[in-house]
Amino acid sequence: MAREAKSNSRLVYSTDSGRRCPQCARPVLECVCAKDRPAALGDGIVRIQRETKGRGGKAVTIVSGIPLANKELKALAKTLKQKCGVGGAVKEGKIEIQGDQRQALKTELEKQGFTVKLAGG
């Protein structure tokens, strides 16, 4: 006697299309519910580091680990750039601010309720 397939069963694992979204069960590249999800949840600590690599010796301050969706992350980046009076960008879920602005960013992010650590040397 053959078992009938349940019509309401959910696919748990498949290697056909790679990883699947846990909410909508679609392949991650075709997921529609992940657009407003934070880029990275991490451990809840926002890390601020200074980097000069690949920028011709010019310093850039990188803020990573902020658990916000892309829209809110861009709004926060705009606020931080205005507070520091410099330019910057949002790339791959990280905020890049021109110059060495670690202390100014730390105080501003702590005012907004984030747990902040200065990373790197």
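Read-outs: derived from the displayed coordinates by stated rules, not from any lab. On a predicted model such as this, the values are computed, not experimentally measured, just so you know.
Check the straight Cα-Cα distances from Lys117 and name the lysines below 18 Å, setting aside those fewer than 8 residues away within the same chain.
Filter leaves Lys94, Lys106.
Per residue of segment 91-97, in order, report the coupling 6.51 cos²θ - 1.76 cosθ + 1.60 (Karplus, θ = phi - 60°) as ³J(HN,Hα) in whole Hz, putting x for Gly and Pro.
9, 6, x, 10, 9, 10, 10
Amide H of Lys94: which non-local residues (sequence gap of 5 or more, or other chain) have their own amide H closer than 5 Å, using H built in the peptide plane?
Amide H neighbours of Lys94: none.
First check a/c for segment 38-118, with a ≥ b ≥ c the square roots of the eigenvalues of its C-alpha gyration tensor; if it is under 1.5, answer rounded, and if not, answer prolate when a/b is larger than b/c or oblate otherwise.
The shape class here is rounded.
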